[in-house]
1. Considering every residue within the stretch 235-257, establish whether at least one is closer than 24 Å to Thr82 by Cβ, modelled with pLDDT of 90 or more and part of a helix (DSSP H, G or I).
2. Out of the stretch 144-162, which residues are more than 18 Å from Ile369 (Cα to Cα), surrounded by fewer than 23 Cβ atoms within 10 Å (Cβ to Cβ) and under 23 Å from the mean Cα position of the chain (by Cα)?
3. Cβ-Cβ below 8 Å, separation at least six or inter-chain, first residue in the stretch 51-71 and part of a helix (DSSP H, G or I), second at pLDDT below 90: which pairs?
4. Taking the stated definitions as given, is Phe333 free of Cβ contacts under 8 Å to residues at least 24 places away in the same chain and within 22 Å of His380 (Cβ to Cβ)?
5. Give me a count of the residues in the stretch 72-105 that are among the polar types (S, T, N, Q), in a helix (DSSP H, G or I), closer than 26 Å to Ala283 by Cβ and touching a residue at least 12 places away in the same chain (Cβ under 8 Å).
6. Return the only residue of Ala338, Ala315, Ala346 being surrounded by fewer than 16 Cβ atoms within 10 Å (Cβ to Cβ) and under 20 Å from Thr376 (Cα atoms).
7. State the number of residues belonging to the stretch 294-320 that are touching a residue at least 12 places away in the same chain (Cβ under 8 Å) and either closer than 22 Å to Ala151 by Cβ or assigned to a loop (DSSP other than H, G, I, E, B) (or both).
Amino acid sequence: MTQEFINNTYYKFFIFSLIFGLLLYGTIGFDGIDELCAFILVIFFCYTASQTKDWPMNKAFLVTLGIFLFYLSYSFYIGSNTNKAIVSDFIIQLKPYVAFFLVYQLQPVFNKKQKFFLRTLCIACWFILLLLGGLSLFKDRIIFDTMYHVAYYYACVIALSLIYYFCSENTKKDKFIFILMLSVGLFSTRSKFYGVYVLAIILILASPYIKHLKYNFKTVLVILFVVGIIVFAGWQKIDLYFALSGDAEEVETGLLARMMLYMTSLDVFRDYFPFGSGLASFASYSSGVYYSDIYVKYGVERIYGMNSSDYSYIADTYYPCLAQFGVAGVVLFITFFAYLIRKSHAAFKQSQNTQYLIITTLIICYFLIESIADATFTGHRGFFMMMILGLVFSEQKYELKKLTENESGNIHCYSDNESSALS
């Protein structure tokens with residue numbers, strides 16, 4: 001099994017997932033496309049593994065898989081829901097981790113010709129989103145009518161911008177185009193997007209100075225200042241979800257349900273310490289489809305969007321869903337993102353390439369912000385963003401390998417020359 005085969009096959013799969021698993025997801029209306037993409041990726045990975053001898057598996061992936069198998073067994077043991085519901089939720093919750101780790105394990109790298117095509121494709125698709133955004137100023141519902149939801153719209157804007165930036169040469173012109181492309185997401189008028197947008201601008205402006213950044217009191221103050229700006233940009237949503245200052249119409253359309261999910265999750269964390277209430281039991285899609293007894297137990301089954309006949313708001317946020325995994329699950333969730341940050345920073349210290357660090361930081365912050373009021377992490381957007389992240393880590397590893405080989409070659413040449421001089 002050659003690496004070229006892996007690169008070319010993943011490249012085609014990446015384009016397929018971008019078009020059908022992200023851009024056209026809401027338009028087509030086939031909710032299972034992300035599961036289909038995940039299945040194709042697993043098959044591709046298994047075939048590659050079977051054809052490759054002595055392929056070392058990523059330890060972090062094996063640990064993650066082991067943890068999920070533990071929670072699968074634990075959920076069966078405590079009977080958190082029906083077996084079908086538990087298996088369904090197991091697949092959904094594992095999906096984003098599969099997207100990242102399998103791509104990272106395959107280590108695909110795109111060549112210049114492939115990157116040029118991707119940049120062209122992203123710009124072409126971006127112009128369509130720009131047109132939709134412009135028309136939304138005159139026809140309010142056009143984004144909903146064509147893409148189902150504005151969250152899908154700005155997720156597409158973010159993905160296209162990140163792919164373009166990833167495939168670029170990281171010049172000043174590329175950075176400007178990246179921010180310009182990202183700016184189209186402002187048509188969504190969503191404060192969750194504002195947080196990502198503000199962070200992107202700050203990181204791009206600060207990119208020439210990141211290489212000289214040191215961990216000291218001044219750096220901490222700068223980071224706190226940046227966090228403060230992001231919080232300010234998204235304060236409207238934060239205030240709505242945590243202070244419940246929305247009007248009656250907002251409460252009726254799901255705000256109360258989300259607030260109750262947060263409040264009830266604290267009780268679930270406490271009552272099911274330390275491993276949680278189990279898969280398909282609380283604040284997840286499967287817990288609504290296969291209606292969980294927990295909602296009745298905690299008296300929230302009469303809340304709008306949280307009953308067995310209408311569970312539309314049960315899986316409308318992600319953080320409360322962590323109650324299924326308990327305090328131990330929260331620690332593991334944080335550990336995963338800490339793992340990403342640590343590896344990205346370690347690679348940056350060696351390569352001094354701000355491009356990969358910026359993309360990784362933006363994707364992580366996108367998840368952390370979105371998870372406040374959306375189950376993006378386990379949905380189709382989360383799956384594709386994790387695919388991008390896996391691709392970034394793969395290319396970063398490839399660049400570091402080339403850098404190491406070049407340094408070794410230089411040392412070897414120097415030694416040969418030195419020996420000749422001495423002789």
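The values are calculated or read from the model by the stated rules, or taken from the named source; none is laboratory data. Predicted, not measured: the structure shown is a model, and the values here were computed from it. Glycine also receives a Cβ, built like all others from the backbone with ideal geometry; neighbour counts cover every protein chain displayed.
1. no
2. The answer is Phe144, Met147, Tyr148.
3. Gln51/Met1; Ile67/Leu332; Tyr71/Gly329
4. Considered against the rule, which asks whether it is free of Cβ contacts under 8 Å to residues at least 24 places away in the same chain and within 22 Å of His380 (Cβ to Cβ), Phe333 comes out as yes.
5. Within the stretch 72-105, residues that are among the polar types (S, T, N, Q), in a helix (DSSP H, G or I), closer than 26 Å to Ala283 by Cβ and touching a residue at least 12 places away in the same chain (Cβ under 8 Å) number 3.
6. The unique qualifying residue is Ala338.
7. Final tally of qualifying residues: 18.
For every residue, the table says whether it meets (1) surrounded by fewer than 21 Cβ atoms within 10 Å (Cβ to Cβ); (2) at pLDDT below 90.
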| position | (1), (2) |
| --- | --- |
| Phe110 | yes, no |
| Ala124 | yes, no |
| Leu131 | yes, no |
| Lys139 | yes, yes |
| Lys173 | yes, no |
| Phe178 | no, no |
| Ala206 | yes, yes |
| His212 | yes, yes |
| Lys218 | yes, yes |
